[in-house]
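In what follows, a single structure is set out as structure tokens and then discussed.
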Number of protein chains: 2
Amino acid sequence: MDLQDYLDMKAEDIDKSLFRTYGTVTGELDRASAHLLLAGGKRLRPAVVMLAADAIGKGRSRDVMPAALALEVTHTFTLIHDDIMDGDEARRGVATVHAQWDQATAILAGDVLYAQAFELLCKSDAGDLEKVRAVVMLARTCAEICQGQHMDIAFASRQDVTEIEYIDMVSKKTGALYAAAASIGGILAGGNAVQTKALFDWGLNSGIAFQIQDDLIDLVASAETSGKDRASDLREGKQTLIAIKAREHGVDLAGYRKETLTDAEINAAIVALEGAGVLDEVHEAAARRVHVARKSLANLPESEARQHLSEITEYFVSRGF
Amino acid sequence: MDLQDYLDMKAEDIDKSLFRTYGTVTGELDRASAHLLLAGGKRLRPAVVMLAADAIGKGRSRDVMPAALALEVTHTFTLIHDDIMDGDEARRGVATVHAQWDQATAILAGDVLYAQAFELLCKSDAGDLEKVRAVVMLARTCAEICQGQHMDIAFASRQDVTEIEYIDMVSKKTGALYAAAASIGGILAGGNAVQTKALFDWGLNSGIAFQIQDDLIDLVASAETSGKDRASDLREGKQTLIAIKAREHGVDLAGYRKETLTDAEINAAIVALEGAGVLDEVHEAAARRVHVARKSLANLPESEARQHLSEITEYFVSRGF
């Protein structure tokens, strides 16, 4: 089966399970919790949980389905709380929870999902020791994600963020949950320490590459392709790896920090960044992470699932152009 | 040892552990998470975890210390988020987290503690199956607390809340965490199903009695005794059991719904409520919960810890006058 077919199949399984659990809730708070979960999404994190389990033992993905849901539920809880902090009004084509309900309901809706993630994790078909280890991994990961979001917010009022700080932030904000998804799949499937460490490293580095690519997409992709306002990071003066490396290379992006940018202005920025070698360096930074991620997979037995994990990393940095 | 000595001793143990873990943090978000935890508090929930463990097996409280901390950390996370929703500026004699930092930091500070509660739970000296059961119990409890807080907020815009709805709300908002504290202590100490159910019921009913008493204290205690603005519920028209029963008995409290009340006005309200039998009925409602709570303790072996649990329930409804 090729990767896209596998992802499509798993996304369908996940969607079915999510609709079974969250599609029939009636209480106002439960509906607010279910809102973004049911609004779609690529379901990449749960797919990673299942692929990781299959990479440890063929067919183990069935046993970790609740854990896969737990990772999607965790991701959604962080989105709901982030949307409050960032003041975002729309996501996945629907109103954000705090926009559709109110802020208190959104805080609580996120908190409800947070709890359910831990309960779901424990419903996997796995040993108790493995469940406890998975709970500890998810707990540490959630704390990391909060640290990452806190750093991201703090960066908004700074213009001197370093590459090291940026990588630390995206490791926590994006990398940690992919690392958790992969290692939890491995732990619950009975993987040994070397294997679960390999899965963790794969997820962490793939997640970082994913985020660097996200920043590139925001700048380079057309509005239709990315589905977002083009160059929003540039307009907001966001401290992405592109902005950090631009500063290092003396490319002044201050003039692009304004409400709207024409396509001509965005293209001028791209030309300047390309001329200074910034975009090459950013691509190179992502490529290094891809390399580390794929290398760590060598610690897993050869399998179709391992091959898919490798291809996911490739997909993370090739999507969107 | 008498109850107060036991509680003082346990509070000291808890404080020491909390300061060891949270007293030395340096990052901004970690300091925000630690802020309310280190601002004091009676540490009743962790004491209940330890008493419940001792009631299952003498000396088991040492093994569940991390779980005891987990319950205090959980309680504090809910306070931080509630303070945002309620717009409260002070608690435990210090500024609330969102007041001292900002709203985003407060959401994240609560979320960090939320994660740490689950990690702490898993650090107890107990079997893996017992840890998994404790995690599931805490997860369900957190979801319940959110439902309770959501109901509490919804009640603020209603004047027709029934006693059943009120009891449902306080069961979730206050009772659930005492039920979890007691049953988690029992589960981790290896209690059987009858024992942990007895501890759960004890905690749930004691917690409900605690909350009913809180409402009475707000009305009847002097400002110095309660440490709060006196009669704040009356001034805000809050749907407490007192307000609900007043309505049933035709006592009109609408006139007391204003910015400030004199002592004479508050006393007039008390006289009216006493005359109509409202306060007796509210006391009676608390007493019934006390009765159920203490009765459920009969399912535990006789011990000093069991005696202390019984006395805590008594303390819950005798404090504050």
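The values are calculated or read from the model by the stated rules, or taken from the named source; none is laboratory data. These numbers come from a predicted model, not from an experiment. Here the Cβ positions follow ideal geometry from the backbone for every residue, glycine too, while neighbour counts run over all protein chains shown. Note: areas computed on protein heavy atoms with side chains; ligands, DNA, RNA excluded. Shrake-Rupley method; radii C 1.70, N 1.55, O 1.52, S 1.80 Å.
Within 30 Å of A:S303 (Cβ to Cβ), in a loop (DSSP other than H, G, I, E, B) and of a type in the set (A, V, I, L, M, F, W, C): is that true of A:M1 in this structure?
yes
Looking at the range B:109-131, which of the residues that are open to solvent by 10 Å² or more (accessible area, probe 1.4 Å) and of a type in the set (A, V, I, L, M) is nearest to the other protein chains (Cβ to nearest Cβ)?
B:L129
Would you mind stating whether B:T313 is under 29 Å from B:R230 (Cα atoms), open to solvent by 30 Å² or more (accessible area, probe 1.4 Å) and among the polar types (S, T, N, Q)?
Judged against the criteria, B:T313 is not a match.
Can you tell me which condition A:L120 does not meet? The list is (1) assigned to a loop (DSSP other than H, G, I, E, B); (2) over 25 Å from A:A285 (Cα atoms), and all the others hold.
(1)
Conditions first: (1) in a helix (DSSP H, G or I); (2) among the polar types (S, T, N, Q); (3) open to solvent by 50 Å² or more (accessible area, probe 1.4 Å). B:T74 passes all but one, so which condition is the exception?
With respect to (1) in a helix (DSSP H, G or I); (2) among the polar types (S, T, N, Q); (3) open to solvent by 50 Å² or more (accessible area, probe 1.4 Å), B:T74 is out only on (3).
Being surrounded by fewer than 20 Cβ atoms within 10 Å (Cβ to Cβ), within 13 Å of chain B (Cβ to nearest Cβ) and part of a helix (DSSP H, G or I) is true for just one of A:I145, A:I167, A:I153. Which residue is that?
Answer to the check: A:I153.
Check the range A:28-50 and report whether any residue there is among the hydroxyl-bearing types (S, T, Y) and not in a helix (DSSP H, G or I).
no
Return yes when B:A106 is under 20 Å from B:W202 (Cβ atoms), surrounded by 18 or more Cβ atoms within 10 Å (Cβ to Cβ) and either at the interface with chain A (Cβ under 9 Å from one of its Cβ atoms) or over 15 Å from the mean Cα position of the chain (by Cα) (or both) and no when it is not.
In short, no.
Somewhere in the range A:170-191, is a residue part of a helix (DSSP H, G or I), open to solvent by 20 Å² or more (accessible area, probe 1.4 Å) and under 27 Å from A:I266 (Cβ atoms)?
yes
Inside the range A:86-98, can you point out the residues that are over 14 Å from A:S232 (Cβ atoms), open to solvent by 40 Å² or more (accessible area, probe 1.4 Å) and among the aliphatic types (A, V, I, L, M)?
A:V94, the sole residue that qualifies.
State all residues of the range B:253-270 that are of a type outside the set (S, T, Y) and within 29 Å of the chain's Cα centre (by Cα); if no residue qualifies, say none.
Once the filter is applied, which keeps residues that are of a type outside the set (S, T, Y) and within 29 Å of the chain's Cα centre (by Cα), the range B:253-270 yields B:L253, B:A254, B:R257, B:K258, B:E259, B:L261, B:D263, B:I266, B:N267, B:A269, B:I270.
May I ask you to list pairs of residues, at least six apart or on different chains, whose Cβ atoms are under 9 Å apart, with the first in the range A:235-259 being closer than 17 Å to A:G275 by Cα and the second being assigned to a loop (DSSP other than H, G, I, E, B) and of a type in the set (S, T, Y)?
A:I244/A:T162
Would the range B:25-41 turn up any residue that is touching a strand residue (DSSP E or B) at 6+ places or on another chain (Cβ under 8 Å), open to solvent by less than 10 Å² (accessible area, probe 1.4 Å) and more than 14 Å from chain A (Cβ to nearest Cβ)?
Yes, the range B:25-41 contains at least one residue that is touching a strand residue (DSSP E or B) at 6+ places or on another chain (Cβ under 8 Å), open to solvent by less than 10 Å² (accessible area, probe 1.4 Å) and more than 14 Å from chain A (Cβ to nearest Cβ).
Here are A:R158, A:R140: which of them is open to solvent by 40 Å² or more (accessible area, probe 1.4 Å) and more than 8 Å from chain B (Cβ to nearest Cβ)?
None of the others qualify; the one that does is A:R158.
Which residue is nearest to the chain's Cα centre (by Cα), if the candidates are limited to the range B:278-306 and must be free of Cβ contacts under 8 Å to residues at least 40 places away in the same chain and surrounded by 15 or more Cβ atoms within 10 Å (Cβ to Cβ)?
B:E281
Please find, within the range B:76-96, the residue that is farthest from the other protein chains (Cβ to nearest Cβ) out of those that are on the phi > 0 side of the Ramachandran plot and touching a residue at least 24 places away in the same chain (Cβ under 8 Å).
Applying the filter and picking the extreme gives B:G93.
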